[in-house]
Amino acid sequence: MDVTDFPDDLVQTQAAWNATYQALAAPRPRDTTALRRRLLLLSVRLWWHPYWETVPSAPAARSELRHLARAHGAVRAA
């Protein structure tokens, strides 16, 4: 799958989901209720994004999106 197929808002939402998850998984996170609510909101946005109706294999595309967002996060951290 070509990574340019993903809309920017979908990649940004996945990156935000990753960051929120990492914040929640950190030792002694602050404001866990807000983080959990944000994680849930982002999960819903990811799951119901209109892009998924256009791909022939949504599970493979979802996996590729997670991989792409992690790679973007690693590049930004470096």
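The values are calculated or read from the model by the stated rules, or taken from the named source; none is laboratory data. It should be emphasised that the depicted structure is a prediction, and the values quoted were computed from it without experimental measurement. Neighbour counts are summed over all protein chains in view; Cβ atoms, including those assigned to glycine, are modelled from backbone coordinates with ideal geometry. Protein only, heavy atoms only, side chains kept; ligands, DNA and RNA dropped before computing areas. Shrake-Rupley method; radii C 1.70, N 1.55, O 1.52, S 1.80 Å.
At a 1.4 Å probe radius, which order do 47, 52, 17 fall into by accessible area, largest first?
Values: 47 145, 52 25, 17 60 Å².
Putting 47, 52, 17 in descending order of accessible area: 47, 17, 52.
Roll a 1.4 Å probe over the protein chains and send me the accessible area per residue for region 26-78 in Å². Provide the component values of the computation, followed by the final result.
Numbers: 4270 Å² over 53 residues.
Value for region 26-78: 81 Å² per residue.
What is the percent carbon and sulfur in the accessible area of the chain, measuring with a 1.4 Å probe over the protein chains and ignoring ligands?
Details: 3240 of 5760 Å².
Taking all protein chains in place, the chain shows 56 percent carbon and sulfur surface.
What are the membrane-span-like helices in the chain by this rule: whole DSSP H runs, Cα extent along the axis at least 15 Å, mean Kyte-Doolittle hydropathy at least 0.0? Before the final figure, lay out each step's value.
Details: long enough: 8-25 (25 Å, -0.21); 32-47 (22 Å, 0.48); 58-77 (28 Å, -0.32).
The qualifying helices are 32-47.
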Q | Lys, Arg +1 and Asp, Glu -1 on Cβ, resulting dipole of the chain about Cα centre, debye, nearest 20 | A | 600 debye
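Around residue 29, with a cut-off of 14 angstrom between Cβ atoms, what is the net charge of the other residues, counting Lys and Arg +1 and Asp and Glu -1? Could the numbers behind the result be given before it?
Working: positive: 28, 30, 36, 37, 38; negative: 31.
Value of the local net charge: +4.
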